[in-house]
Amino acid sequence: MNREVSYFKQFFISVVIGFTILFIASLIWNIRSERQTTYELAKVEAEGNFNKDLTFRKWTAAHGGVYVTMTDSTIANPYLNFLPNRDITTTNGTKLTLINPAYMNRLVFQMSNKKDGEFGHICSITPLHPNNKADKWEEKALNLFAKGTEEYYSPEQIDGKEYLRYIKPIRVENGCLKCHAQQGYNLNDIKGGVSISIPMDKYKVVLKTKINSIIFNHAIIFFLTFIIGALSYRRIIKVVKQRDASRMKAKENEAKLKEQNNKLVWANEKAIESDRLKTIFIQNMSHEIRTPMNAILGFSSLLPDEFDNKSKLTEYTKIITQRGNDLMFIINDLLDISKIESKNMNVNIEPINLKDLFSELLPLFHEIQKRNLKSHVKLILPTITEDIILYTDKGKLKQILTNLVGNAFKFTHEGEIEIDLLINSSKLITFSVKDTGIGIPTEKLNSIFDRFSQVEQSSSRIYGGTGLGLSIVKGLISKLNGEIYVISEINKGSKFYFTLPYSKQNLIETQNNSTNNIYSNTL
Ligand code: ADP
């Protein structure tokens, strides 16, 4: 995968993880604050109740209590029996009893508790009435009030139900002293409080709805954000990939352009080189044709004067014939190369016996040797004791071998020329022509098979030749489905070897025990 794409993928995953964490945090925070709000609302309700109770209480205290008709549930307060006017009778005989604030609170609370589940409790650590004794939670709050706290509330479980409990202190006022002065109460003392317990059920129902709506909203926003993110991610990846593809394409095009340019440069260089070689070729060719032509014309002009001198006549006609043959070779080479290049060369495949072939070639090789004035250079032929039948074009194989042997004699001044053959597989036969001549520079090894190409290109050429021989040899070998190779070392010699197809039924190992390994890379 592209580096940029994988980096972006990692970045996207990190964003998704970060976003999810943020989302969960927001969800938790929202639910928490909603829950907190619920308790705050319950507290406001409790506070309202407390204030209302306090107002009633103050009003009652301000009047030193109120007289109410005695009933079964509203009996005279036994803790006020020290007051001479606790119970009075009206002029029409109705019995009234004095209700102090605490007693009124207790009676009212008893009534409301029965009604709707909210309940209040007037409490003190040292009450007159045992029912007003502070429970543990109230006691804790009253202690806090003694240290300066103004109000206290917390969610609490009562009989398995959740309540918000709220409590505020009640300070001793003038009206209180009427009844409590005997207990040693002083003005502004905190001797008790009123606690209100609000059941959380109804708030919980609202809270649940709110939490559901928070979860729902978060889920919707989360999924929408996720979908938009995923779509954007896909789009960005697509754009990055497209951009990479077009970059790649641009690079490819650039490479193609470069390649085409290189090809053009190469073709141009080749054309220049070919032009140069052609010029050299024409110069060589003129020289190669003019030399025998001069001889032919020169000696033919001498003939009429030597008609009576038989030996001179024989000598001159021999020279004329030889030079004529030289011209013929050149013309044949030209014809061959044009046939090879125009792909007009025909092959005549027939069974040939290699033993016979080399018997036929031997006089030709000797003639080449003589013509090149190399009788001192030793010629070694393969020893073939049995018949080896090869299916190929005999004339062309002869032409290939005479050409290679011709070059070997031409470029070898002393030493030997060795022709060898090896049937190395059921499908190939390899011929080699090795000499101990001048050798070929390594940088020229590839080009010597090109037409007109010669190692020696100076005007003061020693060796002569047209530069066509090896390109004809290569063309003929490839026409016979073979391949040609060369290894060479300057001043040590050269070895040309070529393969031809060989059919299996004719497989007979060569009897040549030569130590010369055709395939060795050294000479
Ligand atoms: P040419 O007519 O010049 O011999 P070829 O195509 O036969 O043309 O050979 C091309 C060139 O290859 C020669 O001019 C020569 O420089 C080099 N060459 C070919 N055969 C040999 C060899 N046996 N030893 C050294 N150089 C060789």
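With the structure loaded, tell me whether Arg290 is open to solvent by 100 Å² or more (accessible area, probe 1.4 Å) and in a helix (DSSP H, G or I) or whether it fails that test.
When the stated conditions are applied, Arg290 passes them.
Answer with yes or no whether Leu476 is more than 15 Å from the ligand (Cβ to nearest atom) and either under 52 Å from the mean Cα position of the chain (by Cα) or not hydroxyl-bearing (Ser, Thr, Tyr) (or both).
Working: more than 15 Å from the ligand (Cβ to nearest atom): no; either under 52 Å from the mean Cα position of the chain (by Cα) or not hydroxyl-bearing (Ser, Thr, Tyr) (or both): yes.
No: the conditions fail for Leu476.
Residue by residue, here is whether (1) under 26 Å from Ser274 (Cβ atoms); (2) within 12 Å of the ligand (Cβ to nearest atom); (3) open to solvent by 40 Å² or more (accessible area, probe 1.4 Å) holds:
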site: Leu421; (1), (2), (3): no, no, no
site: Leu428; (1), (2), (3): no, no, yes
site: Lys434; (1), (2), (3): no, yes, yes
site: Gly437; (1), (2), (3): no, yes, no
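If I filter the range 244-251 for residues that are touching a residue at least 12 places away in the same chain (Cβ under 8 Å) and either in a helix (DSSP H, G or I) or not aromatic (Phe, Trp, Tyr) (or both), do I get at least one hit?
yes
Results for (1) polar (S, T, N, Q); (2) within 30 Å of Met285 (Cβ to Cβ); (3) touching a Gly at 6+ places or on another chain (Cβ under 9 Å); (4) open to solvent by less than 80 Å² (accessible area, probe 1.4 Å), shown as yes or no for each residue.
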residue	(1), (2), (3), (4)
Thr321	yes, yes, no, no
Asn344	yes, yes, no, no
Glu367	no, yes, no, no
Lys374	no, yes, no, yes
Lys378	no, no, yes, no
Pro382	no, no, no, yes
Tyr391	no, no, no, no
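Go through (1) modelled with pLDDT of 90 or more; (2) exposed (fewer than 11 other Cβ atoms within 10 Å of the Cβ) for Tyr203 and report which single condition fails.
Just one mismatch for Tyr203, condition (2).
What pairs come out if I take residues in the range 311-330 that are closer than 13 Å to Ile289 by Cβ and pair them with residues that are open to solvent by less than 60 Å² (accessible area, probe 1.4 Å) and not in a helix (DSSP H, G or I) whose C-beta lies under 9 Å away, six or more apart or interchain?
What qualifies is Ile330/Thr466; Ile330/Leu468.
Cβ-Cβ under 6 Å, sequence separation 6+ or interchain: first residue in the range 36-59 and surrounded by 13 or more Cβ atoms within 10 Å (Cβ to Cβ), partner of a type in the set (Val, Ile, Thr) and not in a helix (DSSP H, G or I). Which pairs?
Filtered contacts from the range 36-59: Ala42/Ile198; Glu45/Ile198; Ala46/Ile196; Ala46/Ile198; Asn49/Ile196; Phe50/Val194; Phe50/Ile196; Asp53/Val194.
Within the range 404-412, is there a residue that is away from the ligand (no atom under 11 Å from the Cβ) and among the charged types (D, E, K, R)?
Checking the range 404-412: not a single residue is away from the ligand (no atom under 11 Å from the Cβ) and among the charged types (D, E, K, R).
This table checks each residue for (1) part of a helix (DSSP H, G or I); (2) in contact with a Lys or Arg (Cβ under 9 Å, 6 or more places away or on another chain); (3) not aromatic (Phe, Trp, Tyr).
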position	(1), (2), (3)
Asn186	no, no, yes
Ser197	no, yes, yes
Thr209	yes, no, yes
Phe216	yes, no, no
Leu224	yes, no, yes
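Given the conditions (1) farther than 22 Å from Glu273 by Cα; (2) within 9 Å of the ligand (Cβ to nearest atom); (3) not small (Gly, Ala, Ser), report the number of the one that Lys444 does not fulfil.
(1)
Do you know which residues across the range 296-310 are of a type in the set (Phe, Trp, Tyr) and open to solvent by 60 Å² or more (accessible area, probe 1.4 Å)?
If the condition is that a residue be of a type in the set (Phe, Trp, Tyr) and open to solvent by 60 Å² or more (accessible area, probe 1.4 Å), then Phe307 is the only one that fits.
Given the conditions (1) within 23 Å of Arg451 (Cβ to Cβ); (2) open to solvent by 100 Å² or more (accessible area, probe 1.4 Å); (3) not acidic (Asp, Glu), which single one is not true for Ala267?
Going through the list (1) within 23 Å of Arg451 (Cβ to Cβ); (2) open to solvent by 100 Å² or more (accessible area, probe 1.4 Å); (3) not acidic (Asp, Glu), Ala267 breaks only (2).
Taking only the range 60-98 into account, find how many residues are acidic (Asp, Glu) and in contact (Cβ under 8 Å) with a residue 24 or more places away in the chain. Outline the logic, then answer.
Filtering the range 60-98 down to residues acidic (Asp, Glu) leaves 72, 87.
If we keep only those that are in contact (Cβ under 8 Å) with a residue 24 or more places away in the chain too, we end up with none.
Final tally of qualifying residues: 0.
The values are calculated or read from the model by the stated rules, or taken from the named source; none is laboratory data. Being a predicted model, the structure only gives us computed values, none of them experimental. Neighbour counts run over all protein chains shown; Cβ positions are idealised from the backbone, glycine included. When the accessible area is computed, the model is the full protein with side chains, heavy atoms only, and any ligands, DNA or RNA have been set aside. Shrake-Rupley method; radii C 1.70, N 1.55, O 1.52, S 1.80 Å.
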